[in-house]
Each structure stands twice: as C-alpha cells, then as structure tokens.
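Working notes, beginning with the structure itself.
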Amino acid sequence: MRVYVPLTLPGLAAAYESGELGDGPFLAYAVTPALREWYLSDDIEELEYAALSRAAFASLRLLAADADAPRRRVVVAADVPDRAASADPGRGLDPAGVGEVRVAGPVPLVRAAAVHVDAADAETDVSAAARALPAADGGDDDGQFVVDGAEDHELLWYATQEIPNLVGREG
C-alpha cells in the first residue's frame, strides 16, 4: 500500500538522520474505501493525488503547530505492507478523516518512493495559511480563503536521493 506521510522539513531531517519514518503508530494518508467513496473516481492516479493532497493539508497543520519550521509542506510517499496500515472505519465517516490511516510502526526510509515539497515561492502563502488555520477551523470564510491559497501551490516531486539536499545535509 502506498501511504503519504505528512511532515515538515525538520521532520524530514529527523527521518533522514534516523533512517525511519515515524516511530509508530503514526498518521498517514492512503487510498482507502472512504476516500474512494468521497472522491468518486476509479482512476488510481486521481485517488493517489487526493490522498497526497490530504497529507499536504495535514503537513500544513504540522506547520501551524511548529512556528520555527520552514514554511514548506512536506509529504513522503512510501510503500508499506497492506497489514502495516489500517483505516479506522468510524473515522472514515468524518470528512476530516477521509483517507487517514494509522501506520503500525516505523517505516524504513528506504521504503520511500518520493518526497513532495513546496517550492520556495510558496512559503508566503503557506505561512499565511498556517496562521489562518484556527480562523478557518472556526468557520471564518476569510480564513478559509487564505488556507485554500496554499492549495494553489503544487508540491514538487523529489527523488529520495535528493533528501540530503532538501534538509541541508549535502554530502
């Protein structure tokens, strides 16, 4: 199963240093039955993009909680055995939980297929979106508009060999 793990750049650096994603169980996103029903598509690429987008939003939440992290969303796509990730059927009914899975334990970073990161030119909008999250969560339309502005930026694709450059550990 392909899972999409939301991180920040410091979180990616920690994963690079330890050689593992998470220490289990941890939150990720995947093409779940609830996501299939919510997205109404049979196209696996569209479904995976939807899971990636959900993880990017979760990364934004991580940025809102870490004022010191660079304002760039990070998502790591990794392949795990199907039994290693499970969706909470009750959580799938909650629109905020669509596509969520719990990964049982650490995932070796060598299982990562790719890393997706905002370009530097997204930092202003991502920063504003992280600040606006509480207002958006409270139902404020202006706050939601600012949060949606971060989604206008596509995450860039990076090969896993580029992680050292992304986290400033060129070697």
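Table for the structure above
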| item | result |
| --- | --- |
| 10 Å Cβ shell holding at most 16 others, DSSP loop, GluC sites (Glu not before Pro): longest site-free stretch of the chain | 1-150 |
| Residues Leu12, Leu40, Leu156 arranged by fewest to most Cβ contacts within 10 Å | Leu40, Leu156, Leu12 |
| Nonlocal amide H pairs with Ala114, under 5 Å, H built at 1.01 Å | Ala77 |
| Directionally averaged projected area (convex hull, Cα atoms, the range 78-135), nm² | 6.1 nm² |
| Axial C-alpha extent at least 24 Å, average Kyte-Doolittle at least -0.5 - helices from the chain (DSSP) | 44-65 |
| Calculated from backbone phi, Karplus (6.51, -1.76, 1.60) coupling profile of the range 26-42 in Hz, x at Gly/Pro | 9, 7, 8, 10, 7, 7, 9, x, 5, 5, 4, 5, 5, 7, 6, 9, 9 |
| Trypsin sites (Lys or Arg not before Pro) within the range 97-171, DSSP loop, no more than 13 other Cβ atoms inside 10 Å | Arg169 |
| Computed label-point distance, nm, for sites Asp148 and Ala120 using a 7 Å Cα→Cβ extension | 3.0 nm |
| Descending semi-axes in Å of the range 56-171, equivalent ellipsoid built from Cα gyration tensor | 25, 22, 11 |
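No lab work stands behind these numbers, since they all come straight from the coordinates. Please read these numbers as outputs of a predicted model, since none were measured by experiment. Because the Cβ atoms are built from the backbone with ideal geometry, glycine has one as well, and the counts that use them run over all protein chains shown.
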